[in-house]
Structures are given as structure tokens and as C-alpha cells.
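Below you'll find the structure, written out as C-alpha cells, and then a few comments.
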Amino acid sequence: MREAFLELLRGGRPDEIVWTADISYWLDAQSHAGTAKPEWQTEAGYLELCGELGCMPYYWYGKFGAARPVYTGVEIVCDSRGDRRRRTFRTPVGELIEESVFVEDSCSEAPVRHAVQREADLDVLLGLLERRRWEPTNLADYPQRLEMWARWDGVPGLGLPRSPLPAFMVEWAGIEHGALLLMDYPDKVEQVLSLMEAQEQSVLDAVCERMPPVVHFPDNLASDNLTSFFARHIAARYRRRLERLHAAGVRCAVHLDGTIRGLLPRLAAVGFDAVEALTPQPVGDVSLAEMREVADSATVVLWGGVPGAMFAPPFSWRQMQAHIERLLASWRGTPFIIGVADQVPPDGDLGFVRKIAELARHG
């Protein structure tokens with residue numbers, strides 16, 4: 001599957017069907033519950049498990065990020081009480097405070113207070129970002145890891161920092177506050193986005209020098225949140241990133257795991273090689289049959305198609321099998337990768353991963 005995966009991203013049409021499954025959420029939940037094998041949390045153990053399940057190894061987050069933020073003159077204080085976590089950024093121009101809560105039932109963490117909520121917070125965020133730089137990481141040993149993963153028929157995923165507007169929305173302001181601030185204080189928000197774009201250039205330099213076969217834009221996009229902002233605040237920045245990476249021979253995938261209809265054609269049009277974690281009906285807003293038409297592109301790789309929710313009750317294997325058969329019938333003859341959209345949940349049946357591998361092998 002590895003060679004077919006790389007050929008797809010280069011614009012080819014391999015005979016092999018590629019099947020990827022992000023099982024990290026399931027693995028983390030087993031670890032939290034004390035039911036995980038210790039080796040599952042290691043890179044070698046992850047590769048071996050993917051081999052046993054028959055999916056192409058790609059999602060391992062231990063060394064996923066291509067950069068990490070480094071702050072100068074900023075104090076970051078973390079405080080945890082029970083299931084609640086608070087992080088405070090103390091800068092010479094003020095403080096920003098964010099809070100999140102861990103939800104035991106779903107083994108997940110969600111924000112309950114975003115750091116940037118009003119105009120004054122934008123000023124503090126600008127001061128904080130002026131004291132931040134991105135330090136490239138996980139690139140020095142990437143060629144060795146790429147060689148190791150090839151022995152397991154896989155490619156190690158490598159994620160860039162989130163691009164500016166998704167970063168502003170996801171990491172700092174949230175959708176509600178972010179949208180209101182963008183409408184009320186467009187000039188200040190544009191200062192933030194421009195500074196973010198300027199800071200990522202050193203990461204792009206390092207990635208282009210290393211020339212991995214593919215990088216991920218882990219922007220966690222959803223059409224109902226960002227379509228109306230795409231043309232003005234996202235498209236040009238995507239094009240500039242993509243032009244640099246493509247010039248270095250690096251293929252690019254972007255993570256769209258929410259509603260699809262508004263953004264999929266726009267992402268294809270700006271030049272992405274693949275759009276990953278596409279979530280169709282019965283969970284998403286687009287059917288498998290109309291996905292290629294919605295993309296309005298014969299060349300972009302459709303990557304996903306298998307809702308994570310279908311790995312858990314009340315869905316049965318019979319329903320999942322019928323879904324995979326519809327996927328193969330709908331996407332056959334076009335470039336696609338079967339993938340979980342977006343992760344196998346903690347209560348998911350991992351046996352479905354192995355069964356889907358069998359269907360893909362004979363599909």
C-alpha cells in the first residue's frame with residue numbers, strides 16, 4: 001500500500017487500494033483505562049499493530065509535529081484541579097487564560113474558556129506572538145524513520161503548524177469569539193494572521209530542505225465554520241504554502257473532518273493533493289456517491305469515507321460492510337484512499353479495521 005499511496009499523491013493511478021486508520025484515540029483510551037499493551041504507546045509497537053490490522057501505518061503522533069513553539073519573555077503557568085486544566089500566558093502586555101475539561105465518558109478534553117475573547121485580548125495575543133518563534137522538530141531523523149516505516153509498508157505523517165486562521169480559531173479564540181472578533185476588529189486580526197504566516201517561514205524552509213514525500217496541514221476544518229472566511233482569509237495563504245512545498249517536491253494533504261460541502265471544492269481548487277478525513281453520510285453532509293462531484297476535481301485524492309462513529313454501536317459489521325461496498329462502487333476509477341473519518345473511537349470495534357483491510361484487498 002505504501003507505493004500505491006505515494007503514487008496516488010504524485011498523480012498516478014495504482015491498482016492497489018490504500019487503507020489507513022487513525023487508531024490513536026482508541027489506543028489512548030485503552031491506555032487511560034489500563035487495558036493497553038505497553039508496546040502500543042511506542043513507535044515500533046504502533047507499526048506492528050497496524051501490520052496486524054492490515055492498514056497502512058501513517059498516524060503516529062509521538063513525532064508528528066514538524067515544529068514546536070518557543071517563547072521568550074513569556075511565563076506559561078499550568079494548573080490542574082480534578083478534571084479541569086487552566087493555562088495562563090503571562091506577558092509584559094498582559095495575561096491570557098484558557099481552560100479545558102477532561103470528559104471521562106469520552107476520554108477527551110474540550111475547551112470551556114478560550115484565551116482570546118475581546119479586543120484587549122487581541123493586543124495581548126499580538127504581544128505574545130511577537131515573543132514566539134517556531135523551532136523545527138522531528139526532521140533530523142525523518143529519513144531514517146521513513147526507511148524504517150517502509151519496512152512496515154507505511155509512511156510517517158508529518159504535520160505543519162496550523163495555518164493562520166485555523167490556528168487563531170482552534171488554538172486561541174474558538175469559532176464564536178473568533179468570528180465576532182474578525183468582523184469587529186478585522187485589522188487587528190489580520191495583524192495576528194500576518195504575524196503567524198511570517199513566523200511559519202522558517203518551518204517551511206526546514207521542511208523543503210528535508211523534502212518529505214508528504215506533509216499534513218492539521219487544520220481541523222469544517223465547512224459550517226470557515227467557508228465564508230475562506231476566500232478572504234485562507235485561500236491566498238494556502239496557495240503560498242502550497243507553491244513553496246510543491247516546488248520542493250513535497251505533496252500536501254489537509255485535514256477536513258467536519259462538514260464537507262462548502263470547503264472541499266475550494267481546497268481542491270487551491271492545489272491540495274489530497275483532502276483527508278472526509279466524513280460522508282450518515283454522519284456527514286455529503287453522500288459517498290456525490291463526493292467526487294462536490295470536489296469538482298478529477299485529480300484531488302479523496303481520503304477518508306468511513307465515519308469513525310460506524311465502528312461503535314449501534315452500527316453492526318453488516319452495516320459497515322455495506323458502507324465500504326458503497327464507497328468502493330462510488331469512488332472506483334478516481335484517486336482515493338479509504339480512511340477513518342476521523343478516528344476510531346474508544347468504544348469502537350478494532351476488528352472492523354482488519355475486516356475492512358480484507359475488503360480493500362479484494363476490492
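For a quick protection proxy, order the peptides 135-148, 152-165 by their average other-Cβ count within 10 Å, most packed first.
In descending order of packing, they fall as 152-165, 135-148.
Using a ≥ b ≥ c from the Cα gyration tensor of the range 252-315 (square roots of the eigenvalues), is it rounded, prolate or oblate, where a/c under 1.5 gives rounded and otherwise the larger of a/b and b/c decides, a/b for prolate?
Verdict is prolate for the range 252-315.
Share of Cα-Cα pairs in the range 194-235 beyond 18 Å, in percent?
For the range 194-235, the share of Cα pairs beyond 18 Å comes to 45 percent.
Sort 342, 28 so the one with the fewest other Cβ atoms within 10 Å of its own Cβ comes first.
Ascending number of Cβ neighbours within 10 Å: 28, 342.
Along the positive direction of the dipole of the range 152-293 (beta-carbon charges: Lys, Arg +1; Asp, Glu -1; about the Cα centre), which of 253, 207, 222 reaches farthest?
207
Shape verdict for the range 97-179, please, from the Cα gyration tensor: rounded (a/c under 1.5), prolate (a/b greater than b/c) or oblate.
Judged from the Cα gyration tensor, the range 97-179 comes out oblate (a/c at least 1.5, b/c at or above a/b).
Expected output is a single nm value to one decimal: the length gained when fully extending between residue 239 and residue 141, i.e. 0.36 nm times separation in residues minus the C-alpha distance. What is it?
32.5 nm
Among 305-312, 10-17, 43-50, how do they line up by average Cβ neighbours within 10 Å per residue, starting with the highest?
305-312, 43-50, 10-17
How long is the range 148-226 along each principal axis, judged by its Cα atoms, biggest number first, in Å?
Over the range 148-226, Cα extents along the principal axes are 52, 27, 16 Å.
Could you work out the relative contact order of the chain, using alpha carbon pairs under 8 angstrom and six or more residues apart, expressed as a whole percent?
With pairs under 8 Å counted, the relative contact order is 19 percent.
Sorted from largest down, give the three principal axis spans of the alpha carbons of the range 6-67, whole angstrom values.
Sorted largest first, the three principal extents are 43, 31, 17 Å.
Under the definition of Cα pairs under 8 Å and six or more residues apart, what whole-number percent is the relative contact order of the range 63-127?
This gives 22 percent for the range 63-127.
Return 210, 132 ranked ascending by Cβ neighbour count within 10 Å, so the fewest neighbours appear first.
132, 210
So how far apart, in nm, are the two label points at residue 317 and residue 329 if each is 7 Å from Cα heading toward Cβ?
My value for the distance between the label points is 2.2 nm.
Quick check on packing: order 96-105, 247-256, 199-208, 268-277 by the mean number of other C-beta atoms within 10 Å, highest mean leading.
The most tightly packed comes first, giving 268-277, 247-256, 199-208, 96-105.
Would you mind telling me the antiparallel percentage of the DSSP bridges in the chain, rounded to 5?
55
Which one of 280, 29, 231 has its Cα pushed farthest toward the positive end of the charge dipole of the chain, where Lys and Arg give +1 and Asp and Glu give -1 at the Cβ?
Final value for the positive-end residue is 231.
In which sequence would 240, 292 go, from the one with the fewest C-beta neighbours within 10 Å to the one with the most?
Going from sparsest to densest Cβ surroundings: 240, 292.
Let me have the relative contact order for the range 130-252, percent, based on Cα pairs under 8 Å that are six or more residues apart.
36
If you wrap the chain's Cα atoms in a convex hull and average its projection over all directions, what's the area in nm²?
That works out to 17.3 nm².
So for the range 315-363, considering every pair of alpha-carbon atoms, how many percent are separated by more than 15 Å?
Taking all Cα-Cα pairs of the range 315-363, the fraction more than 15 Å apart is 46 percent.
Computed from the coordinates by the stated procedures, all read-outs in this text should not be read as laboratory data. These figures come from a predicted structure and were not determined experimentally. For neighbour counting, all protein chains shown are included, and Cβ atoms are generated from backbone atoms with ideal geometry for every residue, glycine included.
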